[in-house]
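Everything below concerns the one structure shown next.
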Amino acid sequence: MDLTRRELLIIPAAAAVAAALPAAQTAATSPQVVPWARKIRRLGQLNMTEHDPVVLDVEAWADYWASLKVDAVLVSVTGILAFYPTSVPFHKRGKFLGDRDFFGDCCAAAKKRGIHVIARMSPDLNWEDAVQAHPEWFQRNNQGAVIHHTEDPRLFRTCMFTTYMTDYMPAIMKEINARYDVDGLFTNAWPPLGSMPTCFCEQCRKLPPSGTLAYWDKFNERTVSLWKMYDAIAKEKNPANFYFANLGGGVRSTANLVELGKLCEWFQCDNQGRGGDDTPIWGCALQGRVCNAVQAGKMATNVTGAWSTGTPRWRNVHKSLEEARMWMNETLAAGMVPYHHIIGGESGLGEDRRALEPARQYFNWMARHEPHFINKRSIASIGVLMGQRTHLFHTPPRGTTLQQYVDGIYYALLEGRFFFDFVHEEQLSAEALSKYSALILPNIALLSDEQCRQLAAFVDRGGSLMATFQTSLYSERNEHRPDFGLADVFGIHKTGDIVGTTGNAYMARIERQHDLLKGFTGTSLIPGAENRVPIGAVDAPILTVVPGYTAYPPELSYPQPSRTTEPAVVVREKGKSRLVYFPGDVERTMWRSGHTDLSRLLQNAIRWVAGANAPVSVEGKGAIEAFAWETQAGFAVHVLNYTNPAMHRGWLREFFPIGAQQVRLALPAGRRVSRVQLLQAEKDVPFRVAEGAVSFAIPSVNDYEVAAIYS
Ligand SMILES: [Zn+2]
């Protein structure tokens, strides 16, 4: 097969649209070259172990992936243990490899079946003999000692600022290029996902202290330069090839997502699943929103680990099939490409084979309905700012975490059944924001003067804003401002330091009726929050602060004073714009307390700023997350059913179907609807077109339904 010709085929612009390039890119030039990665719909990986060269059944492995109709597989080269007879010094061969070319056998078996091969490498660890010969390659602690891997002390952690990354890894990449018919290069475990490295090696001692913004600048520079170097090596093999790496990490990603979004052809999210910890089910869908924010419609995958994610882990025993299925559902609903990941080929294809057939059925179901999963744009008029810098560098009040703000606002958005996108703080140009009627700023503490100006301009153009707590109180360099960067936009002024809670948290007194307070009858008080930034009085407030007081003993549990002029929310209308600022950490307090009043208040506020003309809605009973897309075939509305006792703590054990969901989608001018098909139920449903919108009912949703609107 002549891959070079096939992949670099010059195609006309109309076909480029069919291959899911975003409209903005297809309009620019014609004809277009569509990178093969953007046509990938399904991915697989059996992550190879040192033992696999003597146990994995290569033909059965390749047949399995072919039966899933995957477009590519990742095959291990590594860097820690070589899976082929390498000549690169210190690329140690696995003890079961012998003289076998295991990588070569797997690569050939996949290619024979028309599956692309990505060479997978791990640059993060190496052995004692490499430490002896190249002490400069390794991370050092503050005593100057090399750092053992925590699980296997025979391994040592390499440093990304050393020649390990510019000599050793390129040598392996070039060797692979020279010997094998690969389609791309991939590194696992670099860039680091959880946090930036802390290293005191000779190179790192020249850098600013780890964890600072000055270090982050150097970290990003190095990441971009290595990424470009590896991509250039990939392209030496074939101009259609490329390099990519594990990203993910949600909102709190270590490397600058906007910079990497521009570079990377394939955004690979190593976000494989949750455990029995107190994490909500929507972690994968949230990751998809992050990818969509920074990736301009290019391909993103989310790895679903079939193995037992969480703590403790079991790499070779699978998680509940329901949990894995929902993770895959979220991947697809959020616009990413599903990626089935199993570890180890003991007894041929692994000893736990429970996940094999369900994944095969799932991928074949996807393949049957492919045009409905090829997305052109998300349909949403609400943008939620991500605040990557805030998440990396801001220190929230003691006892709180920044993740709580994300969880809180996300939960309120789901409870309110809003359709929304994530927006990165570095992408606030008029063009980038043109689709949104409202932006939500959940404690986006760090914003530059320029970003504040861009948000003010959004308001001047008629856009609406809702913000909470310390939003805009710090510059992009984490410098504290004396007053809010968005003070003029919201008409607010800070009057003191953060007030926390001892005992009974502050409350909010209802001063007058407003849309924000819909549903609050029979009370003059609702909850405030755990922490607040005190601000100056405003005209005609709707909620005022009743300061916190003693919770125990109850004898002292009454407000004193019972009324102040300090606002608990500031609401403004300015032309078409609607502005809401909450001085409290309301979304975080909602998450922590579970208080339904706070969720109602947040939902009312989001609904008020978003305005009346939502482009899409899904009404009905149940906890859901929903997405809407313009697709190759028309439109699609995805409904994920989270109505489950394991929604907030893994894993899902069983699905609990919900009843009828009423869908309404506004149609762009001139678009007609010929058919509405439910892809899970695999049946058509009746629909109605009136007043520029299509309406229909999804009779029930088990775990997931996709309503495909042919248009
Ligand atoms: Zn170092």
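Checking each residue in segment 391-407 for being over 16 Å from the mean Cα position of the chain (by Cα) and either within 21 Å of A438 (Cα to Cα) or among the aromatic types (F, W, Y) (or both) picks out only F393.
Selection of segment 256-270 for residues being in a loop (DSSP other than H, G, I, E, B) and either touching a Lys or Arg at 6+ places or on another chain (Cβ under 7 Å) or surrounded by 22 or more Cβ atoms within 10 Å (Cβ to Cβ) (or both) yields N256, C264, E265. Out of all the residues in segment 597-618, which are open to solvent by 10 Å² or more (accessible area, probe 1.4 Å) and more than 26 Å from G522 (Cβ to Cβ)? A610, G611, A612, N613, A614, P615, S617 - these are the residues of segment 597-618 that are open to solvent by 10 Å² or more (accessible area, probe 1.4 Å) and more than 26 Å from G522 (Cβ to Cβ). Taking segment 390-426 as the range and being part of a loop (DSSP other than H, G, I, E, B) and out of contact with any Gly (no Cβ under 9 Å at 6 or more places or on another chain) as the test, the residues that pass are T395, P396, T400, T401, G416, F418, F419, E426.
Just one of the numbered conditions (1) within 16 Å of the ligand (Cβ to nearest atom); (2) assigned to a helix (DSSP H, G or I); (3) touching a Pro at 6+ places or on another chain (Cβ under 9 Å) is not true of W227: (1). Consider segment 281-314 and keep the residues that are of a type in the set (A, V, I, L, M, F, W, C) and assigned to a loop (DSSP other than H, G, I, E, B). The one that is most open to solvent (accessible area, probe 1.4 Å) is A296. Among the residues making up segment 496-514, those that are surrounded by 13 or more Cβ atoms within 10 Å (Cβ to Cβ) and not in a strand (DSSP E or B) are I498, G500, T501, A505, Y506, E511, H514. Scanning segment 225-259 for residues that are within 19 Å of N188 (Cβ to Cβ), more than 14 Å from the chain's Cα centre (by Cα) and among the hydrophobic types (A, V, I, L, M, F, W, C) yields L226, W227, M229, I233, A234, F242, F244, A245.
Checking the structure you have, find out if any residue of segment 390-399 is in contact with a helix residue (DSSP H, G or I) (Cβ under 9 Å, 6 or more places away or on another chain), open to solvent by 10 Å² or more (accessible area, probe 1.4 Å) and farther than 30 Å from A467 by Cβ. No, every residue in segment 390-399 fails to be in contact with a helix residue (DSSP H, G or I) (Cβ under 9 Å, 6 or more places away or on another chain), open to solvent by 10 Å² or more (accessible area, probe 1.4 Å) and farther than 30 Å from A467 by Cβ. Every listed requirement among (1) more than 22 Å from the chain's Cα centre (by Cα); (2) surrounded by 15 or more Cβ atoms within 10 Å (Cβ to Cβ) is met by F418 save one, (1).
Just the residues that are open to solvent by less than 30 Å² (accessible area, probe 1.4 Å) and either assigned to a strand (DSSP E or B) or under 26 Å from E323 (Cβ atoms) (or both), please, taken from segment 658-671.
Residues satisfying the conditions are I658, Q661, V663, L665.
Here E221 fulfils each of the conditions (1) crowded, with 16+ Cβ neighbours inside 10 Å; (2) within 16 Å of the ligand (Cβ to nearest atom) apart from (1). Of all residues in segment 331-360, those satisfying the criterion of being over 25 Å from the mean Cα position of the chain (by Cα) and surrounded by 21 or more Cβ atoms within 10 Å (Cβ to Cβ) are G344, G345, G350.
Residues being open to solvent by less than 20 Å² (accessible area, probe 1.4 Å), away from the ligand (no atom under 15 Å from the Cβ) and of a type outside the set (A, V, I, L, M) are entirely absent from segment 126-136. Within segment 164-176, is even one residue within 15 Å of the ligand (Cβ to nearest atom), open to solvent by 40 Å² or more (accessible area, probe 1.4 Å), among the aromatic types (F, W, Y) and under 21 Å from A133 (Cα atoms)? Within segment 164-176, none of the residues are within 15 Å of the ligand (Cβ to nearest atom), open to solvent by 40 Å² or more (accessible area, probe 1.4 Å), among the aromatic types (F, W, Y) and under 21 Å from A133 (Cα atoms). Just name the residue that is surrounded by the most Cβ atoms within 10 Å (Cβ to Cβ) out of those in segment 140-162 that are polar (S, T, N, Q) and within 11 Å of the ligand (Cβ to nearest atom). In this case the residue turns out to be T158.
Would you confirm whether or not segment 536-550 contains a residue that is open to solvent by less than 70 Å² (accessible area, probe 1.4 Å), touching a His at 6+ places or on another chain (Cβ under 7 Å) and more than 13 Å from N504 (Cβ to Cβ)? Yes: segment 536-550 contains one or more residues that are open to solvent by less than 70 Å² (accessible area, probe 1.4 Å), touching a His at 6+ places or on another chain (Cβ under 7 Å) and more than 13 Å from N504 (Cβ to Cβ).
I'd like the full set of residues that are in a loop (DSSP other than H, G, I, E, B) and more than 11 Å from the ligand (Cβ to nearest atom), limited to segment 195-218. S195, M196, P208, P209, G211, T212 - these are the residues of segment 195-218 that are in a loop (DSSP other than H, G, I, E, B) and more than 11 Å from the ligand (Cβ to nearest atom). Pairs meeting the criteria (first residue in segment 306-320 and touching a residue at least 40 places away in the same chain (Cβ under 8 Å) and closer than 11 Å to R274 by Cα, second residue open to solvent by 70 Å² or more (accessible area, probe 1.4 Å) and not basic (K, R), beta carbons under 8 Å, at least 6 apart or on different chains) are G310/D277. The residue that is nearest to V77 (Cα to Cα), among those in segment 142-194 that are part of a helix (DSSP H, G or I) and without any contact (Cβ under 8 Å) to a residue 60 or more places away in the chain, is A178. Selection of segment 576-587 for residues being open to solvent by less than 20 Å² (accessible area, probe 1.4 Å) and outside any strand (DSSP E or B) yields P583, D585, V586, E587.
The values are calculated or read from the model by the stated rules, or taken from the named source; none is laboratory data. These numbers were taken from a predicted model, which means no experiment stands behind them. For neighbour counting, all protein chains shown are included, and Cβ atoms are generated from backbone atoms with ideal geometry for every residue, glycine included. Areas reflect the complete protein model, heavy atoms only, side chains present, ligands, DNA and RNA absent. Shrake-Rupley method; radii C 1.70, N 1.55, O 1.52, S 1.80 Å.
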